[in-house]
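The structure appears below as structure tokens.
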Amino acid sequence: MIPWALLDYADQAGELVPSMLGEADTIWLRALLDAYDRYVGRRRRDLKQHLQAPLPVACPARGLRRASHVLDRLWDSEALGPVAPRDLREAVFTEAAKGVRRDLALGRVARRLGIRPGEVEGSLFADLPGERRLAPRPEGLNPWELALRVNLATAQAVLRRARRVRLDVEGHVRGLVSQAKWGGLMCVARPGRNRAHLVLEISGPMALFRRAQVYGRALAGLVPQLLWCDRFHLRADCEIEGAPRTFVLQSGDPIFPAAEPRRFDSKVEARFFDDFCRAAPDWDLVREPEPLVVGSTLIFPDFALQHRRHRWRRWLLEIAGFWTPDYVERKLAQLSEVGRRDLILCVDAQGQCSGQEAVRRDRVVEYRRRVDPSEVLRIIEQPGPIR
């Protein structure tokens, strides 16, 4: 995370606009990467001293400091030496505790370990941050990727000053909600203007009295996930130097994305996708469709089953690993109350978490290790569901 003191930003009518890196910055970013390459295998403190002098091309001072801050955390380093520094220090300090001279202590340790006295002294503190040696450049890292990573860290630093965050997203909403819940964020999900649109209202770290730093890291972790949404618009109400400011991040802004989300959450889902596509060529299977609005809550199905010719024939399907009969009955009852009878619930026979009798309902399919497509087809090939 970039320290606030390294940020450049403008105040445009109450909107905080941080300085982001673009294509024009790739010239000096390449020179910075070349400097790091030149010091591979050498000490980090030597590189730091080298960077005190200007780069061979013009660059913004704070932009350079931000990029160096990100690179220092991205670029690996290692403690080189014939023996682990911690073991060396233990051996040398043990000898020194006997009251012998420094050179004698180093010599005894060297003979015991089968190395030269100079290697002992040179490796004694090789694991300190400034003494560690730079590893080769991270695979695939280029000037443009570095710019995107710096922009991501910049946006994350701003969000750590947020009191409230509103997210308008379309596509990949389920993954985003899962990430928010996994991070322990205090958020409310509301349906948007259409089936694919979702609104997330999230409390920011500045609204908390305790654990604001931990919470801020969790909120920052949500930012790279946004790049996998079809569209997103983030608005954060921040507090900057005691004054309210608004920060906006949206689709098209140049920030580095998270790793591509897994296509399926489980092997059961992956098998069902393959099996159903082979068994039902007249039906399309859509992964993670729009959520269902049920009262004040949202249900996130795993698949939508859409007939290719008769578009009105559409079902939703959820695969539950752990469940109880009460859970199944309650979910089906909630759906019936709002007139939805188009959800098929597939439950793992081994995931039953109570001793009650198994559920027997028309729209419940029990499976073992894989969902049988014929059982699903038996339901959806009947007359269209009642909405």
| Between R308 and Q12, how many nm apart are label points set 7 Å from Cα along the C-beta direction? | 4.8 nm
| request: In a Gaussian network model over the chain where Cα atoms closer than 10 Å are linked, find which of R73, R211, R101 has the largest mean-square fluctuation. | output: R101
| field | Ordering of 169-180, 319-330 by burial proxy (mean other Cβ atoms within 10 Å per residue, highest first) | value | 169-180, 319-330
| query | For the chain, what is the relative contact order in percent, using Cα pairs closer than 8 Å and at least 6 residues apart in sequence? | reply | 13 percent
| field | Of A280, A236, A155, the one that fluctuates the most in a GNM where the chain has Cα springs shorter than 10 Å | value | A280
| query | Which FRET efficiency value, to the nearest 0.05, do you get for E139 and R378 by plugging their Cβ-Cβ distance into 1/(1 + (r/R0)^6) with R0 = 51 Å? | reply | 0.55
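Quick one: compute the contact order of the stretch 160-250, relative version, from alpha carbon pairs under 8 angstrom and 6+ residues apart, as a percent.
40 percent
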| Want the number for R370 to A5: 0.36 nm per residue separation, take away the alpha-carbon distance, what's left? | 126.0 nm
| Which whole-number percent is the relative contact order of the stretch 267-380 (Cα, under 8 Å, 6+ apart)? | 24 percent
| said: Using the basic label-point model (7 angstrom from Cα toward the beta carbon), what is the T246 to H69 distance in nanometres? | reply: 2.6 nm
| Structure-based [θ]222 nm, the chain - -39500 (n - 2.57) summed over DSSP H runs of at least 4, per residue, nearest 500 | -10500 deg cm²/dmol
| Which shape class applies to the stretch 266-309: rounded if a/c is under 1.5, otherwise prolate when a/b exceeds b/c and oblate if not, where a ≥ b ≥ c are the square roots of the Cα gyration tensor eigenvalues? | oblate
| Where a ≥ b ≥ c are the square roots of the eigenvalues of the C-alpha gyration tensor, would you call the stretch 160-250 rounded, which needs a/c under 1.5, or, failing that, prolate if a/b is larger than b/c, or oblate? | prolate
| request: Express in nm, to one decimal, how much length is gained between R271 and R231 on full extension, taking 0.36 nm for each residue of separation and deducting their alpha carbon distance. | output: 11.5 nm
| note | Using alpha carbon centers only, the stretch 208-246 is separated from the stretch 72-142 by a whole-angstrom value of 41 Å
| said: How much length would be gained if the chain were fully extended between A58 and D76, taking 0.36 nm per residue of separation minus their Cα-Cα distance, in nm to one decimal? | reply: 3.8 nm
| query | Of A97, G130, L6, which is farthest on the positive side of the dipole of the chain, counting Cα position, with +1 on Lys and Arg Cβ, -1 on Asp and Glu Cβ, and the Cα centre as origin? | reply | A97
| task | At 20 °C and 1.002 mPa s, grab the translational diffusion coefficient of the stretch 267-380 from Stokes-Einstein with a Kirkwood Rh over Cα pairs, rounded to a whole number in µm² per second. | result | 147 µm²/s
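Each reported figure results from applying straightforward, stated rules to the coordinates on display, with no laboratory input. Worth saying up front: this structure is predicted, and the values here are computed from it rather than measured. In this analysis, Cβ positions are derived from the backbone assuming ideal geometry, glycine residues included, and neighbour counts consider all displayed protein chains.
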